1. If you take the residues of the range 77-96 that are among the aliphatic types (A, V, I, L, M) and within 16 Å of the chain's Cα centre (by Cα), which of them is surrounded by the fewest Cβ atoms within 10 Å (Cβ to Cβ)?
2. Suppose the filter is in contact with a helix residue (DSSP H, G or I) (Cβ under 7 Å, 6 or more places away or on another chain) and either closer than 30 Å to Tyr9 by Cα or crowded, with 16+ Cβ neighbours inside 10 Å (or both); does Arg120 pass it?
3. Quick check: is even one residue across the range 199-215 surrounded by 18 or more Cβ atoms within 10 Å (Cβ to Cβ) and either out of contact with any helix residue (DSSP H, G or I) (no Cβ under 8 Å at 6 or more places or on another chain) or in a loop (DSSP other than H, G, I, E, B) (or both)?
4. So, in the range 93-115, exactly how many residues are more than 15 Å from His79 (Cβ to Cβ) and touching a strand residue (DSSP E or B) at 6+ places or on another chain (Cβ under 9 Å)?
5. Answer yes or no as to whether Arg183 is out of contact with any Phe, Trp or Tyr (no Cβ under 7 Å at 6 or more places or on another chain), part of a loop (DSSP other than H, G, I, E, B) and either assigned by TED's automatic domain parsing to the domain that holds Trp95 or surrounded by 15 or more Cβ atoms within 10 Å (Cβ to Cβ) (or both).
6. Identify the single condition in (1) of a type outside the set (Val, Ile, Thr); (2) farther than 26 Å from Leu71 by Cβ; (3) over 18 Å from the mean Cα position of the chain (by Cα) that Ser186 does not satisfy, given that it satisfies every other one.
7. Looking at the range 45-76, which of its residues are at pLDDT below 95, surrounded by fewer than 19 Cβ atoms within 10 Å (Cβ to Cβ) and in contact with an Asp or Glu (Cβ under 7 Å, 6 or more places away or on another chain)?
8. Taking the range 25-38, which residues are surrounded by 15 or more Cβ atoms within 10 Å (Cβ to Cβ), free of Cβ contacts under 8 Å to residues at least 60 places away in the same chain and in contact with a helix residue (DSSP H, G or I) (Cβ under 6 Å, 6 or more places away or on another chain)?
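The values are calculated or read from the model by the stated rules, or taken from the named source; none is laboratory data. Since this is a predicted model, take the numbers as computed values, not measurements. Note that each Cβ is placed from the backbone with ideal geometry, even for glycine, and that neighbours are counted across all protein chains shown.
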Amino acid sequence: MKKTRHPRYARHRYPAEVISHAVWLYFRFPLSLRMVEEMLAARGILVSHETVRQWAMKFGQSFAIQIRRRLPAPGDKWHLDEVVISIAGKKHWLWRAVDQHGIVLDILVQSRRNAKAAKRLLRKLLKKQGITPRVLVTDKLVSYAAAKREIMPSVEHRQHRGLNNRAENSHQPTRRRERIMKRFKSAGQAQRFLSVHDQVTNLFRRPAKTGAADHRDARARAFQAWAEVTGAVTAA
C-alpha cells in the first residue's frame, strides 16, 4: 500500500521520516548544523547544513506547539530563574520557568533584568499555562517580589537561592548549545531556538529515580508521540 504523504511536507524532496529525524537531532542533542549534515550523510542522506537549518526553522516551532499540547498539566510549584547570555557582544537575560518535576514551562529572552522584565515573564506564563501556581520559588532578586505582588498577589512566594537549584540546573543544556552554536546571533534567534529546544527536551526527558524498564517504556512513548507530532511513520 502506498504511504500517504503528510501535507506539511508537500513539495519537499525528502519524506517526513528524514526531515523529522534531522530536526530531532538538531534540537535534541548539542550538535551543530554541520554535525547533523554529517550524521545524515553517514546514512546515505545527502543534504547541506543550510537545508537542515531551513527545516529546523520551518518545522521546529509547529512541532514544539504540538508537544506542549500533549504534555501533562504543569505542577503547582513554579521555579523561576534568569541567566545572562551574550548576544552580538551585548548582555541579555534568559528568563526560564520550570515546575517541580523539571518540565520547562516557558522561556523569555530580554535585554533587562528588572521588575518590568519579571512582569512580562509572569504574564506570559499565566497566558500560556492557563493556571496560577500554588508556590513561586525564585532567588533573591527583588524584581520577582515586585512583579509577583502585582501579577500573582495571592501566590506564596519563597525566595532562597538554595531552593532554586531546579531552575538553575535547567540552564545547563542552554549553555552547551550556546558553545556549540558559538553564541546566539540575535535575541530573536535565541528565543525561537530555545522555545523549540526546551519542548523537545521536555518530551524526551528522563525523570530522576526512574528504573531502566520504566525509562525504556517512557522513551518508546516519547518516540511514538514525536512520530505523531511530525507526521512521520513509525516502523512496524
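1. The residue in question is Val83.
2. no
3. no
4. Residues that pass the stated criteria total 6.
5. Considered against the rule, which asks whether it is out of contact with any Phe, Trp or Tyr (no Cβ under 7 Å at 6 or more places or on another chain), part of a loop (DSSP other than H, G, I, E, B) and either assigned by TED's automatic domain parsing to the domain that holds Trp95 or surrounded by 15 or more Cβ atoms within 10 Å (Cβ to Cβ) (or both), Arg183 comes out as yes.
6. Looking at each condition in turn, Ser186 falls short on (3).
7. The answer is Gly75, and nothing else.
8. Leu25, Tyr26, Leu33, Val36, Glu37
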